[in-house]
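Enquirer: Structure incoming, see below.
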Amino acid sequence: NDYDSGPDQISVSVGYAVKTDISQDIDLVMRQADEDMYENKELQRKN
């Protein structure tokens with residue numbers, strides 16, 4: 001049984017962080033971006 005239930009909904013969450021100082025740990029910057037992404041995902045779920 002093939003049927004079209006309409007278009008699927010896709011959402012994208014993006015997180016970013018900026019390394020502003022050469023002494024900053026890149027792992028910490030990446031972790032900050034990851035946390036930002038998950039915060040955005042949570043906001044999208046609530047809307």
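Enquirer: Exactly one of these conditions fails for residue 14: (1) surrounded by 12 or more Cβ atoms within 10 Å (Cβ to Cβ); (2) touching a residue at least 24 places away in the same chain (Cβ under 8 Å). Give me its number.
Expert: (1)
Enquirer: Report, by residue number, each residue of region 17-47 that is surrounded by 11 or more Cβ atoms within 10 Å (Cβ to Cβ) and among the hydroxyl-bearing types (Ser, Thr, Tyr).
Expert: The one that is surrounded by 11 or more Cβ atoms within 10 Å (Cβ to Cβ) and among the hydroxyl-bearing types (Ser, Thr, Tyr): 38.
Enquirer: Right, next: Among what's in region 12-38 and is under 10 Å from the mean Cα position of the chain (by Cα) and small (Gly, Ala, Ser), pick the residue that is modelled with the highest pLDDT. It would help to see each step written out before you state the result.
Expert: So the first thing to find is which residues in region 12-38 are under 10 Å from the mean Cα position of the chain (by Cα), and the list is 12-16, 33-38.
Then drop every residue that is not small (Gly, Ala, Ser), which leaves 13, 15, 33.
Numbers: 13: 82, 15: 88, 33: 94.
The residue in question is 33.
The values are calculated or read from the model by the stated rules, or taken from the named source; none is laboratory data. Every value quoted in this text rests on a predicted model; they were computed, and no experiment measured them. Cβ atoms come from the backbone with ideal geometry, glycine included; neighbour counts cover every protein chain shown.
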